[in-house]
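Peer 1: This is the structure I have questions about; it appears just below.
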Amino acid sequence: MADEEEQRRLRSAALKNAESILAARQRVERELLDAKEALERKTEELQDVRARLEATLRAAEIGTWIWDIRQDRVVLDANLANMFEVSPEVAAGAPLQSYLAAIHPEDRPRVQAAIAQALDSENGRYELDFRLLRSDGSIRWLAVRGQVQRDATGTATHLPGVSIDITARKQAEDAVRESAERLQLTLAAGALGDWSWDAKTDLLSLGTRAAEIFGVCADAPLTRAQIRELMTAEDAERMNAVFEDALKNGADFHLEYRLVRPSGEHCWVAARGRPVYDAYGAPSGVAGVVQDITERKQSEAIRNRLADVVASSDDAIISKTLDGVITSWNQGAERIFGYSPDEAIGQPVTLLIPPDHIDEEAAILARLRRGERIEHYETVRRRKDGTILDVSLSVSPMRDVNGEIIGASKIARDVTHQKRADEALQASNQRFRLMADSAPALIWMSDLTKACTWFNQAWLEFTGRTMEQELGFGWVQNIPPEDLDRFLQIYTESFDARTAFKMEHRLGCHDGSSRWVINNAVPLFEAAHGGFSGYIGSCIDITELRQAAREREHLLQSERAARTEAERLGRLKDEFLATLSHELRTPLNAILGWATLLRRVPVGSDDHLKGLETIERNARVQTQIIADLLDMSGIISGKVQLDVQPVDLREVISAALDAVRPSADAKKVRLRATLDAKVGRIRGDANRLQQVLWNLLTNAVKFTPAGGRIDVVLERVNSHVEIAVEDSGIGIKPEFLAFVFDRFRQADASITRRHGGLGLGLSIVKHLVELHGGSVRVKSPGEGQGSTFIVALPISVVRSDDAGRHERPSFAEVDLFSVKLPSLAGITVLIVDDEPDARVLISRLVEERGARAIVAGSGEETLRLLAAESIDILVSDIGMPDYDGYRLIQAIRALDPKRLRNIPAIALTAYARAEDRQRALLAGYQMHLSKPVEPRELVAGIASLVNIQQRP
Amino acid sequence: MRGAGSDPALDPLYDAAVRETIELFEATGSPVITDGEQRKYHNFWTYSVEGLPNTRPDGFAIPFAAGHVRRMPRLVTGPFAYRRYADRYLEQALRYARVPLKQAVISPSALSLLYPEQGIPGYSRDTFIEDLMREHVTEVSRCLEHGACKVQIDFTEGRLAVKIDPSGELLASFIDLNNLALARFTSGQRERLGVHTCPGGDRDSTHSADVDYADLLPALFQLNVGNFYIALAAEPDRVRVLEMIRAHLKPEHRVFVGVISPIDPRVETPEEVRDRVLQAAKYIPVAQLGTTDDCGFSPFCDDLSTTRATAFAKIRARVQGTALAARALGVP
């Protein structure tokens, strides 16, 4: 039942869907119906349009055609069929070739080419005009336009188009062209260009010649704005006014105006125009001709300028006949001689000549008749008021058009003032030269050609040469060759630019030496008209000044370098102090921390022992730091002295390896040694060499990570031995290699943090090795690739007797840790120290070995106890208030009796430098031990001084 | 199932299955192949709407003769849109195929049964029908654009419609709906479209084998497509069906007759196939005749009835048998 119900619902749902599908179908059918109706309407409209179009084409004598390219069938409409004189049957479809036969033979190739091009080209356009040869022999012109149609593959399928009969237009065009050609010939004959302005379009059309005059292309008419651009604003206004007037009054016009051609060329044109009217008598524009009148205008301008020049000249310009009668008289003549033109013209020129010079005129006229010119003839003339003038005359013959001399033009210049000025100038020059000769500077002058024209006396005395030797370019010999090129370059360039110059150069001196001068020169310009006339320059000897400046600069540089170095050292010092502080505080932290803890833990417990070990280890670290510092201090001050003995390097290396082995083992770093047995003894300080090896090995262990290895190789290389310490550690950056042996340097801050130390070890190594006459070098392929330090030591001959001499015990032999300590039983030790802790500590140390300890906190107390007690040995601090250790021992050594005076004494002090040791021994102590002291060392020292043999 | 795709973990397995199917299919010599519908693991009917968030799984049940049903999803809210288009399967198959590919899609009439009897408030049946046609056209267009040589529209519900509504009204409505959608293609596109009809092979069973082709074929040939894929091999009276085809065939049609019965576990021999083709050629012009399998081999996730070996043996028999028939008919 359930299945049946489900089937029913399925059927019901499907049938309800069917209703919706039916509705959808009806919608689509309605839409189709609507679309069909719309299409029918459009089809009808299209048919109407087509009918109208065909009627229009017929009326316009436009024919339509279509060429089915694949079928090669050309279909013509009735218009074209008529034109081609073909029957309707042929017009309904005939091959293209049959139509080509009707085309004028001259045009046929063009038509075929145009068709081919349309088929080949992308735009597919077919367009040309051609002639049709009709059966009656007449010719019809056709303009055809077509467009190639292509299918989806791009293949040309059809070429439809239209054709228009343009015979009438062609004939009209021919007539117009002939008429235009005739007009152009006419205009060419008169050098005229034609133009016309269309009032309707406001465009100006130019004929070929007019376009040439305007400098534009004849093909395109010009707008009013374009015309205006070719004219000045003033002329454009005038042209506008003239046009308006011509149109308004129907009058011809003539206008001359300036043109600026598009090329930028200026010219003058004369335009003539006449209004043109349309069929209704309304003005339709203006037509006219234009002529280039530039040459005429230029001639006029020249003439006018000459007239202006003559009129406005300061000189008197006079013309006269060959009889000496004045024919023209300018303003200059009036100004100079005082006669007006009316008074002068027509008068004999002798009017102006003083009686005592009257003969000059006849001579002048005679020369003029011979056609000669007279130039700058200086003489005197008389003014109207009778005063006499100095004048300079230039007279030229004047000729008529046939070249006949008909008179003369004369220019008379009043030179009275000039003559006075010349005299004044001479006096001024005389004064200048006097001053220049007496000046301490070396002065020179040159002319326009760069040649020198004058030197003052100081110059000649300085160079020891004569004026004649120096003039022109002789002075160049005074410039030393090393300065000459630069000098000439500056001299020439300044000259050419007319600018002042200033340069320092050497100048040959009369005694054969060269001295530095500073040469200042300025261009000279004439006061009257500003023309450049040369240079004047002066040289001052600056040899001493330059020397002083050089010394000053040298001092400045030295000071700068010193300051830079001081700053660098300061920086290094600061960095070092920071490092030192860190290195000293780090173990202190452990010491102080454990010291506090120890108060709270039971004696003998594990923590107690661990604390003590930690304190001891850190104290030793501090001791090493201080030892390094002292070593470095000694090295810097040159106070390290080697105790040179024959040394077996294998022993030295083995001892150093033994010393670092515990720390290497703890870090799981493998130590290997390859020591060449053939390497003999060398001469050196065993302890210092061991220090070198210990430093290198300690360094290697420090910078080699767990699981790494360190190889030590001893071998002989040529004339020296080499000890190479190679590790597989962190390596060294290439850029740091050069600084590895510098004091206080570690690779970088991060390494400093990761690996402690003062950065002194390698510096000490370098100095100690160098003290041995050797060298040390380092190589590393780079970070993470290990390092190798190579110590090279010279092999010096070890004499055989050296080998037999008592050798200083090796480090190992005196190692206080490895020997049994002597007992101090029965010995009374007086311990002097102002620090109570130190007194207690030393007391405990000696008491542990059986001695009796007596303590004193000051010098006075010491002296009192010495007198009161039976003391075997004195152990004294040095740095104490009021009564220091030096003063104390000096006081003791001065005591009486002898027993007290000779008491053995050990200085136990924190003053640990070599010089401190020396001072202590010189003051009277037999032994110097530095704090913190190794208990074993102290006990051994006491035992040694009281001459106690090792006891069980 | 997550998102519009399958479980990414299964993708490599499906990909391998598609590649293997295509290799085996090509090996049979078939000139046109499919991806074997390897990725329609849901089924051929609802692959495009499986997992739509606006559906519920309690839609109409399609009962099969063997007693099982295929239950369709039920649309609960609008709007309606496919969750996936079949061109994504085609795209994958094209990576491996070297011969033309045919892509099967479900017809809009089949999916019209998603809309419930009582309607959906706010989403009218008319709007649903419009959305459905748009989605179908989109799917077919995408398949054509991606390069399917043919797109076969599965119209298995044609016979089912007659079964549900013997009056024929529902079938006519289905034909209308499919024609409305087909009208949105160009004639050139429709030449590449075909309609498949069969009694609905699934788990070696059918939903409408009892419906007489006489009630279906006249309406079927009203569909505005160029190709018809008609199950014939399993028909009890093939000659009768061929006569009906001849009666309704139009010159522009091409008919691919079923010569292999996928639900028959026995593998046909090439000679059997040849004879079936020669028989069909007596009723259908050779130029309009093609061969096909009655139906797909239903590789859906819960259909294990036919092994892959059997399926390809049957296809190989079709190819070889068709070749024998072509020689006999003198077709090059």
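A short reminder: the numbers here are calculations on the coordinates, not readings from a lab. Model, not experiment: these values are computed from the prediction. Don't worry about glycine lacking a Cβ; one is built from the backbone with ideal geometry, like all the others, and counts go over all protein chains shown.
Peer 1: Lys and Arg at +1, Asp and Glu at -1: add these up for the other residues within a Cβ distance under 14 Å of residue A:426 and post the number.
Peer 2: Combined, the nearby Lys, Arg, Asp and Glu give +2.
Peer 1: For the protein assembly as shown, what is the calculated [θ] at 222 nm in deg cm²/dmol (nearest 500), taking -39500 (n - 2.57) for each run of four or more DSSP H residues and dividing by its residue count?
Peer 2: Numbers: 41 runs with 561 residues, N = 1284.
Rounded to the nearest 500, the figure is -14000 deg cm²/dmol.
Peer 1: Sort A:454, A:67 so that the residue with the fewest other Cβ atoms within 10 Å of its own Cβ comes first and the one with the most comes last.
Peer 2: In increasing order of surrounding Cβ atoms, one gets A:454, A:67.
Peer 1: Treating cross-link reach as a plain straight distance, find the lysines whose alpha-carbon is under 19 Å from the alpha-carbon of residue A:320, omitting any fewer than eight places away in the same chain.
Peer 2: Within the straight-line limit of under 19 Å, residue A:320 reaches these lysines: A:384, A:410.
Peer 1: Still on this structure, I have one more. Please compute the length gained on full extension between residue A:110 and residue A:861, using 0.36 nm multiplied by the number of residues separating them and subtracting their Cα-Cα distance.
Peer 2: This chain segment gains 256.1 nm when fully extended.
Peer 1: Let me ask another. Using 1/(1 + (r/R0)^6) with R0 = 60 angstrom and r between the beta carbons of residue A:220 and residue A:39, what's the FRET efficiency to the nearest 0.05?
Peer 2: 0.80
Peer 1: Still on this structure, I have one more. State which entries of A:573/A:766; B:163/B:282; B:40/B:150 exceed 23 angstrom in Cα-Cα distance in the structure shown.
Peer 2: B:163/B:282
Peer 1: Hey, rough spin-label estimate for residue A:493 and residue A:677, points 7 angstrom out along Cα→Cβ, what's it come to in nanometres?
Peer 2: Taking the two extended label points, one gets 8.1 nm.
Peer 1: Let me ask another. Return the whole-Å distance between the Cα centroid of the range A:448-462 and the Cα centroid of the range A:349-366.
Peer 2: Between the Cα centres of the range A:448-462 and the range A:349-366 lies a distance of 47 Å.
Peer 1: What is the extension gain from residue A:706 to residue A:71, computed as 0.36 nm multiplied by their sequence separation minus the C-alpha to C-alpha distance, in nm to one decimal?
Peer 2: 218.8 nm
Peer 1: Run the reach check for residue A:200 against lysines, Cα to Cα strictly under 26 Å, same-chain hits fewer than 8 apart removed. What comes back?
Peer 2: A:170, A:248
Peer 1: Taking 7 Å along the Cα-to-C-beta vector as the label spot, tell me the residue A:603-residue A:127 distance in nanometres, rounded to one decimal.
Peer 2: The two pseudo-label positions are separated by 12.6 nm.
Peer 1: If you don't mind, another one. Apply 1/(1 + (r/R0)^6) to the Cβ-Cβ distance of residue A:202 and residue A:422, taking R0 = 60 Å, and write down the FRET efficiency to the nearest 0.05.
Peer 2: Approximately 0.30, to the nearest 0.05.
Peer 1: While we're on this one: Could you tell me the center-to-center distance, by alpha carbons, between the range A:378-430 and the range A:2-32 in angstrom?
Peer 2: 130 Å
Peer 1: From other protein chains only, count the Cβ atoms within 10 Å of every residue's Cβ in A:3-16, then give the mean. Don't skip to the end; give the middle numbers.
Peer 2: On the way: counts 3, 0, 0, 5, 5, 2, 5, 12, 9, 3, 12, 16, 7, 7.
Per residue, the number of nearby Cβ atoms from other chains is 6 on average.
Peer 1: Next question. Measure out, as a whole number of angstrom, how far apart the alpha-carbon centroids of the range A:708-734 and the range A:45-90 sit.
Peer 2: 109 Å
Peer 1: Let me confirm one metric for peptide A:21-28, namely the mean number of other chain beta-carbon atoms within 10 Å of its residues' beta-carbons.
Peer 2: What the average comes to for A:21-28 is 6.
Peer 1: Enter the mean number of other protein chain beta carbons within 10 Å of the beta carbon of each residue in B:121-127, as an integer.
Peer 2: Mean number of neighbouring Cβ atoms from other chains: 2.
Peer 1: Let's test the formula: R0 of 56 Å, r as the Cβ-Cβ distance of residue A:278 and residue A:328. What FRET efficiency results, to the nearest 0.05?
Peer 2: 0.45
Peer 1: In the range B:13-44, which residues have a backbone nitrogen under 20 Å from the label point lying 7 Å from residue B:309's Cα in the Cα-to-Cβ direction?
Peer 2: Under cut-off, by backbone N: B:17-18, B:20-29.
Peer 1: Here's another thing I want to ask about it. Can you list which of the DSSP-assigned H helices in chain A have a Cα extent of 27 Å or more along the long axis and an average Kyte-Doolittle score of at least -1.0?
Peer 2: Working: long enough: A:2-59 (84 Å, -0.96); A:167-189 (33 Å, -0.62); A:416-438 (34 Å, -1.21); A:543-598 (81 Å, -0.53); A:606-636 (45 Å, -0.10).
Flagged H segments are A:2-59, A:167-189, A:543-598, A:606-636.
Peer 1: Another question about this same structure. Please arrange A:195, A:475 by counting, for each residue, the other beta carbons lying within 10 Å of its beta carbon, fewest first.
Peer 2: A:475, A:195
Peer 1: Still on this structure, please answer the following. Place a label point 7 angstrom from the Cα of residue A:101 along the Cα-to-Cβ direction, then list the residues of the range A:108-152 whose backbone nitrogen is under 18 Å away.
Peer 2: A:108-109, A:112, A:132-138
Peer 1: Follow-up question, since we're still on this one. Below 10 angstrom from the Cβ of residue B:159, what's the summed charge of the other residues (Lys, Arg +1; Asp, Glu -1)?
Peer 2: -3
Peer 1: Now, a different point. Relative to the longest principal Cα axis of chain B, at what angle does helix B:270-281 sit, 0 to 90 degrees, rounded to 10?
Peer 2: Taking the Cα atoms of chain B, the angle to B:270-281 is about 80 degrees.
Peer 1: What does the charge add up to near residue A:345, with Lys and Arg as +1, Asp and Glu as -1, over the other residues with Cβ less than 13 Å from its Cβ?
Peer 2: Summing Lys and Arg as +1 and Asp and Glu as -1 gives -2.
Peer 1: With label points built 7 Å along Cα→Cβ from the Cα atoms of residue A:309 and residue A:294, find their separation and express it in nm.
Peer 2: The modelled label-to-label distance comes out at 2.2 nm.
Peer 1: Helix B:11-27 versus the longest principal axis of chain B: what angle, 0 to 90°, nearest 10, using Cα atoms?
Peer 2: With rounding to tens, the tilt is 20 degrees.
Peer 1: Below 25 Å, Cα to Cα, which lysines can residue A:667 reach? Residues fewer than 8 away in the same chain don't count.
Peer 2: A:610, A:702, A:733, A:779
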